[in-house]
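Right, one structure below, let's go through it.
The values are calculated or read from the model by the stated rules, or taken from the named source; none is laboratory data. Here the structure is a predicted model, which means the values were calculated and not measured. With ideal geometry, Cβ positions are generated from the backbone for all residues, glycine too; neighbour counts draw on all protein chains shown. Calculation scope for accessible area: heavy atoms of the full protein, side chains included, ligands and nucleic acids excluded. Shrake-Rupley method; radii C 1.70, N 1.55, O 1.52, S 1.80 Å.
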Amino acid sequence: MKYSIDKKESYTVITIDEKKLDTTVAPDLKSEFVKLNAEGNNNLILDLQHVKYTDSSGLSSILIANRLCNSTGGLLVLTGLQDHVLKLITISKLESVLHILPTVEEAIDRIFLHSIERDLTDKE
């Protein structure tokens with residue numbers, strides 16, 4: 001699987017450099033999500049701008065990342081969704097479960113906002 005990881009202090013950006021997110025790629029992606037979560041990276045931005053197609057296994061890997069992030073108080077944000085990928089998420093009724101934003105910059109802002117909201121909730 002071709003991808004890049006850019007780790008920052010508060011978040012990690014994973015850019016998938018594949019046209020398809022399917023059964024040939026999804027297992028490696030799931031493993032990467034588990035590894036990142038175990039290392040304490042609980043705010044992930046998944047940049048899918050190059051992904052033109054995904055199947056149920058690709059969607060499953062995204063849902064695993066979402067569950068891992070949520071379980072540790074973090075956030076998964078998807079960016080750069082192409083029409084087919086967005087359509088699958090919509091058909092699956094997951095647009096209300098997943099955080100989807102157009103750009104990485106907006107995703108970074110959303111993660112910082114989530115962190116502030118979490119801190120305020122913890123203080124109450």
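Among Val13, Val51, Val34, which is the only one that is open to solvent by 60 Å² or more (accessible area, probe 1.4 Å) and either modelled with pLDDT of 95 or more or under 21 Å from Thr103 (Cβ atoms) (or both)?
After ruling out the rest, the residue left standing is Val34.
Could you tell me which residue of the stretch 91-108 is most open to solvent (accessible area, probe 1.4 Å), considering only residues that are part of a helix (DSSP H, G or I) and either farther than 17 Å from Gln49 by Cα or of a type in the set (Gly, Ala, Ser) (or both)?
Step one: of the stretch 91-108, the residues part of a helix (DSSP H, G or I) are 91, 104-108.
Now drop any that are not either farther than 17 Å from Gln49 by Cα or of a type in the set (Gly, Ala, Ser) (or both), which leaves 91, 107.
Values: Ile91: 122, Ala107: 0 Å².
If we take residues in the stretch 91-108 being part of a helix (DSSP H, G or I) and either farther than 17 Å from Gln49 by Cα or of a type in the set (Gly, Ala, Ser) (or both), then Ile91 is most open to solvent (accessible area, probe 1.4 Å).
Go through Ile64, Ile111 for me and flag whichever is surrounded by fewer than 19 Cβ atoms within 10 Å (Cβ to Cβ), part of a helix (DSSP H, G or I) and under 14 Å from the mean Cα position of the chain (by Cα). Steps first, answer last, please.
Details: Ile111 fails: surrounded by fewer than 19 Cβ atoms within 10 Å (Cβ to Cβ).
Exactly one residue qualifies, and that residue is Ile64.
Can you name the condition, by its number, that Asn43 falls short on among (1) in contact (Cβ under 8 Å) with a residue 40 or more places away in the chain; (2) open to solvent by 40 Å² or more (accessible area, probe 1.4 Å); (3) of a type in the set (S, T, N, Q)?
Failing condition for Asn43: (2).
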